[in-house]
Amino acid sequence: MRDEYAADFLLDGALEISDEVGFLLVNNGWGRSNFQALTESLERRKLPPAHVEWFDWGERNFGIKIDALVKHGAESIIFVGNQVEGSKFVKALAKLEKPPVVISHWGITGSNFAKKSHRALNKVDVRVLQTFSFLNAESPEAEQLVTRYHERYSTKLKTDIVAPSGTAHAYDLMHMLAIATQKAGKADMTLIREELLKIDEYQAS
């Protein structure tokens, strides 16, 4: 999902709660891309963010950042990050008497976020942009991928798939790369890139 599409989706969810929307974003290219898309989306709606905070991978103290967001009136927080920092953030947020609602990008769905954060999630309302889930996917292609995943990683349940969105994305992208490589006729990255850009539609197989 392109960041500009994600921004509108995340903001729609946040604005259902309140116009006072804060951002908590990872300080890297992914976070900055989302910041730009979120800011542009808010500008189109003639709204400013309540407050913006940044964090680095390995961040340990989210309390100060949460305090700043709440102090500036954020009633919902858009979070862009992965499960390690996401779990720390949600646990810190759960210490508040009335924590803001969290609208999160799909990065937290990887690994064991829900298991590590289950107590905090009893108190914090976390809503997630999820591009794909194997739990409600009934297509033969999805079922075949699940079977092959279990064979490869010795898992048994769909819930054992560590990063469902990432797994599905990687599966589709590798097939698209194979299609582009075949059309390019040789392993020339410039030609392959050109063929990738020509793919208007792809159906998983």
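Kirkwood hydrodynamic radius of the chain from all distinct Cα pairs, in Å?
Working: mean 1/r = 0.0534 Å⁻¹.
Radius from the Kirkwood sum: 18.7 Å.
If I take R0 = 30 Å and measure r between the Cβ atoms of ASN28 and TYR202 in this structure, what FRET efficiency does the formula 1/(1 + (r/R0)^6) give, to the nearest 0.05? Don't skip to the end; give the middle numbers.
Working: r = 28 Å, r/R0 = 0.93.
Taking R0 as 30 Å, the efficiency between ASN28 and TYR202 is 0.60.
Quote the Stokes-Einstein diffusion coefficient, in whole µm² s⁻¹, for the range 134-198, based on the Kirkwood radius over alpha carbon pairs, a temperature of 25 °C and a viscosity of 0.890 mPa s.
Values: Rh = 13.3 Å.
Rounded, D is 185 µm²/s.
Only counting other Cβ atoms within 10 Å, I'd like THR167, THR190, THR155 sorted with the fewest neighbours first. The partial results should precede the final answer.
Details: THR167 17, THR190 8, THR155 14.
In increasing order of surrounding Cβ atoms, one gets THR190, THR155, THR167.
From the backbone phi of the range 73-78, what are the Karplus-calculated ³J(HN,Hα) couplings (6.51 cos²θ - 1.76 cosθ + 1.60, θ = phi - 60°) in whole Hz, Gly and Pro given as x?
x, 5, 9, 9, 10, 8
Pairs of alpha-carbon atoms within less than 8 angstrom and 6+ residues apart define the contacts here; what relative contact order does the range 88-157 have, in percent?
Numbers: 48 pairs, mean separation 22.1, N = 70.
Relative contact order here is 32 percent.
About the Cα centre of the range 134-198, how large is the charge dipole given +1 on each Lys and Arg Cβ and -1 on each Asp and Glu Cβ? Please answer in debye to the nearest 20. The partial results should precede the final answer.
Details: 8 positive and 9 negative charges, 31 e Å.
Result for the range 134-198 is approximately 140 debye, rounded to the nearest 20.
Using helices alone, I'd like the mean residue ellipticity at 222 nm for the chain: each DSSP H run of four-plus residues gives -39500 (n - 2.57), total over residue count, nearest 500. Walk me through the numbers on the way to the answer.
Details: 9 runs with 104 residues, N = 205.
That calculation yields -15500 deg cm²/dmol at 222 nm.
With just the Cα atoms defining each centre, how far is the range 92-162 from the range 3-52? Give it in Å.
Result: 22 Å between the Cα centres.
Set Lys and Arg Cβ to +1 and Asp and Glu Cβ to -1, take the dipole of the range 1-42 about its Cα centre, and tell me which of LEU24, SER41, LEU10 lies farthest positive.
About the Cα centre, the residue reaching furthest to the positive side is LEU24.
Count charges around ILE192 for me, please; just the other residues with Cβ under 15 Å from its Cβ, Lys/Arg as +1, Asp/Glu as -1. The partial results should precede the final answer.
On the way: positive: LYS183, LYS186, ARG193, LYS198; negative: ASP188, GLU194, GLU195.
With Lys, Arg at +1 and Asp, Glu at -1, the neighbours total +1.
Assign unit charges at the C-beta atoms only (+1 for Lys and Arg, -1 for Asp and Glu), then state the dipole size of the range 3-128 relative to its Cα centre in Debye, rounded to the nearest 20. Provide the component values of the computation, followed by the final result.
On the way: 16 positive and 17 negative charges, 133 e Å.
Dipole of the range 3-128, to the nearest 20 debye: 640 debye.
Hey, fewest Cβ within 10 Å first, where do LYS158, LYS71 land in order?
Placing the least packed residue first, the sequence is LYS71, LYS158.
Too long at a 19 Å Cα-Cα cut-off: which of LYS71/LYS95; LYS46/LYS98; LYS88/LYS156? Working shown, then result.
Values: LYS71/LYS95 15 Å; LYS46/LYS98 27 Å; LYS88/LYS156 28 Å.
Table pairs above 19 Å Cα-Cα are LYS46/LYS98; LYS88/LYS156.
Among LEU157, MET176, MET189, whose Cα projects farthest towards the positive end of the dipole of the range 134-198, with charges put on the beta-carbon of Lys, Arg (+1) and Asp, Glu (-1)?
Result: MET189, furthest along the dipole toward the positive end.
Hand me the trypsin sites (Lys or Arg not before Pro) from the range 104-139 located in a DSSP loop with no more than 16 other Cβ atoms within 10 Å, in residue order please.
Numbers: sites: LYS115, LYS116, ARG119, LYS123, ARG127; in loops: LYS123.
Counting only loop positions with at most 16 other Cβ atoms within 10 Å, the trypsin sites (Lys or Arg not before Pro) in the range 104-139 are LYS123.
How tilted is helix 29-44 with respect to the longest principal axis of the chain? Cα atoms for both, answer in degrees (0 to 90, nearest 10).
Orientation of helix 29-44: about 70 degrees from the principal axis.
FYI, it's all coordinate maths here, none of it is from the lab. Everything numeric in this text was worked out from a predicted model, so none of it was measured. Counting neighbours? That spans all protein chains shown, and the Cβs are built from the backbone with ideal geometry, glycine included.
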